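Student: After the structure tokens below, expect a handful of questions from me.
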Amino acid sequence: MKTTLQSGNAAAIETELLVVFSTDTATGKDATPEISLLTEEDAIRKAAANVLTTGEFASSSNETILLHAPAGLKAKRLLLVGLGKATKATPHDVRKAAGTAVRFAKPRKLRELTVLLPHTFDSATTARAAAEGAVLADFDPDTYRSDRKDQSIQLLTVLAAASLDQKAAETGFNEGIIIAESQNFTRTLVNEPGNRMTPTILGQKAAEMAQEVGLKCEVFGADKLHELKMGAFWSVTQGSDEPPALIVIRYEPENATTEGPVLGLVGKGITFDTGGISIKPSDNMEKMKYDMAGGAAMIGAMRAIAQLKPDVKVLAIVCAAENMPSGKAYKPGDIEIAMSGKSIEIINTDAEGRLVLADGLAYAKQLGATHLIDAATLTGAVAVALGQINAGVFANDDETFQHFTDALTSSGERFWRLPLEDEYREQIRSDIADIKNTGGRYGGAITAAMFLKEFAEDTPWLHLDIAGLAWLDETKPWTAKGPTGVGVRSIVEWVRTYAK
């Protein structure tokens with residue numbers, strides 16, 4: 001997709017499809033919708049006037065109505081997209097509405113469109129949201145269909161009215177493109193099947209990305225795991241013929257201060273998860289190719305960070321492996337020794353993500369990370385607790401969590417903080433070792449986080465359990481089903497909150 005930002009009069013723009021956002025300004029629960037187009041141009045209001053008086057369009061969130069040959073406009077078509085109630089509309093609604101416009105255009109063989117920025121939010125925020133939503137909506141997961149028809153948008157123009165701050169709009173637009181393309185890069189990695197995205201291939205993709213954007217990247221194999229005494233990570237890899245990959249990516253800006261923080265990003269990269277000896281049910285097991293979504297999110301975040309250039313040092317560690325059953329696989333009842341020296345009793349081999357993260361967190365600290373964030377499709381329990389609306393976030397430090405809360409204001413992603421009270425530690429206390437890798441039926445997402453907390457120790461740390469949101473089972477008006485790339489935007493913004 002070619003993207004461009006322009007300024008000027010929307011009515012004079014020659015385009016296949018002009019997209020204008022609207023809100024319902026009516027007050028009261030049962031009030032009749034009163035539609036307000038978020039533009040200052042009378043020509044657009046006049047072109048849409050008739051349909052707005054018929055009641056056909058209520059400006060509900062992501063509702064659309066198409067007008068052909070709109071009078072007084074040079075655009076061939078005018079698409080109105082609703083943001084919902086004016087009192088509740090946010091920049092994230094703009095993000096989704098821009099995505100809705102792209103998803104509307106794609107199956108109708110429209111290959112170029114112009115999105116008019118609404119004048120109700122600040123220029124940078126709105127331009128970024130529109131750019132992100134549109135680029136994210138252009139992704140489709142049907143990579144391997146032999147009858148695949150390329151419906152990609154060829155040209156996206158974001159139009160800023162003359163009254164908007166053009167410099168701010170340009171900044172927001174450019175950031176939005178970088179972040180959305182990085183999120184789509186993550187989605188591409190997650191979408192690959194297990195036979196085409198092994199730990200080795202994931203390492204290769206990370207190295208290629210790093211070279212492209214100017215990052216340092218090293219990819220290590222089994223020998224490094226043994227050298228570092230990563231017994232927890234190594235145990236997960238034992239059952240597979242595919243070697244593990246320990247991926248280390250570094251962003252070291254010249255203008256970062258030596259006394260400043262070093263942010264450690266740690267991702268679970270299980271490229272396929274059978275559950276191991278504690279094997280999963282066969283239903284939906286094909287989706288377990290997405291069990292590396294946390295690691296992919298860290299790789300995508302680093303891609304964006306390299307281009308946005310915040311003044312803070314960042315390192316990312318992705319622990320990539322397959323979790324397979326075989327005569328070599330680790331077993332329930334085994335004792336494994338983590339890099340930190342802690343002994344772990346294996347209760348369930350399907351609780352493997354926390355094992356690789358345990359050694360990843362310890363290694364990030366050894367490399368100098370002063371603050372940690374990990375991301376993983378860690379537990380089904382988090383989806384049971386929060387559904388597919390919020391992902392889970394845990395923190396051992398309120399200040400670090402506040403940075404993340406600030407990040408969500410820009411990212412538009414939804415995370416809900418869950419508790420890390422000391423009493424939950426009792427559920428993972430082992431009779432034979434320091435700790436066991438599952439805590440029973442109740443509070444599964446919390447006990448998994450408590451396990452990781454043992455390895456973060458006193459280092460300020462966040463844990464993102466994205467299992468419920470990393471894969472979308474149904475198409476939404478603004479995005480395709482399949483991998484979502486959740487976490488990329490929030491991780492990037494969390495990093496940027498530490499920049500000067």
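The values are calculated or read from the model by the stated rules, or taken from the named source; none is laboratory data. For clarity, every value in this text was computed on a predicted model and none was experimentally measured. Every residue, glycine as well, gets a Cβ built from its backbone with ideal geometry; the counts of neighbours run over all protein chains shown. These accessible areas exclude ligands, DNA and RNA; they are computed on the full protein's heavy atoms, side chains included. Shrake-Rupley method; radii C 1.70, N 1.55, O 1.52, S 1.80 Å.
Student: Identify, from the list ASP350, ASP406, ASP374, the residue that is over 18 Å from LEU462 (Cβ atoms) and of a type in the set (D, E, K, R).
Tutor: Testing whether each residue is over 18 Å from LEU462 (Cβ atoms) and of a type in the set (D, E, K, R) leaves just ASP350.
Student: Would it be correct to say that GLU352 is touching a residue at least 60 places away in the same chain (Cβ under 8 Å), under 24 Å from the mean Cα position of the chain (by Cα) and over 19 Å from LYS205 (Cβ atoms)?
Tutor: For GLU352, the condition - touching a residue at least 60 places away in the same chain (Cβ under 8 Å), under 24 Å from the mean Cα position of the chain (by Cα) and over 19 Å from LYS205 (Cβ atoms) - is met.
Student: Which pairs turn up if I take residues in region 181-202 that are under 25 Å from GLU132 (Cβ atoms) and aromatic (Phe, Trp, Tyr) and look for partners that are part of a helix (DSSP H, G or I) and open to solvent by 20 Å² or more (accessible area, probe 1.4 Å) with beta carbon separation below 7 Å, at least 6 apart in sequence or on another chain?
Tutor: PHE185/ARG303
Student: Follow-up question, since we're still on this one. Hey, can you tell me all the residues within region 212-248 that are crowded, with 17+ Cβ neighbours inside 10 Å and at positive phi?
Tutor: none
Student: Next up: Any chance region 486-497 includes a residue that's at pLDDT 95 or above, open to solvent by 20 Å² or more (accessible area, probe 1.4 Å) and assigned to a loop (DSSP other than H, G, I, E, B)?
Tutor: Within region 486-497 (the criterion being at pLDDT 95 or above, open to solvent by 20 Å² or more (accessible area, probe 1.4 Å) and assigned to a loop (DSSP other than H, G, I, E, B)), the answer is yes, since at least one residue qualifies.
Student: Let me ask something else about it. Name every residue in region 444-456 that is in contact (Cβ under 8 Å) with a residue 60 or more places away in the chain and either surrounded by fewer than 20 Cβ atoms within 10 Å (Cβ to Cβ) or basic (Lys, Arg) (or both), in order of residue number.
Tutor: Once the filter is applied, which keeps residues that are in contact (Cβ under 8 Å) with a residue 60 or more places away in the chain and either surrounded by fewer than 20 Cβ atoms within 10 Å (Cβ to Cβ) or basic (Lys, Arg) (or both), region 444-456 yields only GLU454.
Student: Answer yes or no: is there a residue in region 111-123 that is crowded, with 24+ Cβ neighbours inside 10 Å and in a helix (DSSP H, G or I).
Tutor: no
Student: Taking the residues in region 129-165 that are in contact with a Phe, Trp or Tyr (Cβ under 9 Å, 6 or more places away or on another chain) and within 18 Å of GLY8 (Cα to Cα) as candidates, determine which candidate is surrounded by the most Cβ atoms within 10 Å (Cβ to Cβ).
Tutor: Only one residue fits best here, namely ALA130.
Student: ALA168 fails exactly one of the following numbered conditions: (1) open to solvent by less than 20 Å² (accessible area, probe 1.4 Å); (2) outside any loop (DSSP other than H, G, I, E, B); (3) of a type in the set (A, V, I, L, M, F, W, C). What is the number of that condition?
Tutor: The single condition ALA168 does not satisfy is (1).
Student: Give me the pairs, please: first residue somewhere in region 419-438 and in contact (Cβ under 8 Å) with a residue 60 or more places away in the chain and open to solvent by less than 60 Å² (accessible area, probe 1.4 Å), second residue anywhere and among the charged types (D, E, K, R) and in a loop (DSSP other than H, G, I, E, B), beta-carbon distance under 7 Å, and either six or more positions apart or on two chains.
Tutor: Once the first residue is in contact (Cβ under 8 Å) with a residue 60 or more places away in the chain and open to solvent by less than 60 Å² (accessible area, probe 1.4 Å) and sits in region 419-438, its partners that are among the charged types (D, E, K, R) and in a loop (DSSP other than H, G, I, E, B) give ILE435/LYS342.
Student: Another question about this same structure. What residue, among those in region 249-260 that are part of a loop (DSSP other than H, G, I, E, B) and open to solvent by less than 70 Å² (accessible area, probe 1.4 Å), is nearest to SER326 (Cα to Cα)?
Tutor: In this case the residue turns out to be PRO253.
Student: Quick check on region 264-278. Is at least one of its residues open to solvent by less than 40 Å² (accessible area, probe 1.4 Å), touching a residue at least 24 places away in the same chain (Cβ under 8 Å) and at positive phi?
Tutor: yes
Student: Continuing with this model, one more query. Between residues in region 395-408 that are under 19 Å from ILE179 (Cβ atoms) and residues that are of a type outside the set (A, V, I, L, M) and open to solvent by less than 10 Å² (accessible area, probe 1.4 Å), which pairs lie under 9 Å by C-beta distance while being six or more apart or on different chains?
Tutor: From residues that are under 19 Å from ILE179 (Cβ atoms), the pairs are HIS403/TRP494; PHE404/SER490; PHE404/TRP494; ASP406/TRP494; ALA407/SER490; ALA407/TRP494; LEU408/SER490; LEU408/TRP494.
Student: List the residue pairs whose Cβ atoms are under 6 Å apart, where the first residue sits in region 71-91 and is charged (D, E, K, R), the second is modelled with pLDDT of 95 or more and not in a strand (DSSP E or B), and the two are 6 or more positions apart or on different chains.
Tutor: LYS74/ALA12; LYS74/GLU14; LYS76/GLU16; ARG77/LEU17
Student: Which residues, counting only those in region 364-377, are of a type in the set (A, V, I, L, M) and open to solvent by 20 Å² or more (accessible area, probe 1.4 Å)?
Tutor: LEU367, the sole residue that qualifies.
Student: Among the residues of region 101-110, which ones are of a type outside the set (Lys, Arg) and either open to solvent by less than 10 Å² (accessible area, probe 1.4 Å) or outside any helix (DSSP H, G or I) (or both)?
Tutor: ALA101, VAL102, ALA105, LEU110, listed by residue number.
Student: Give me a count of the residues in region 135-155 that are touching a residue at least 60 places away in the same chain (Cβ under 8 Å) and among the charged types (D, E, K, R).
Tutor: 2
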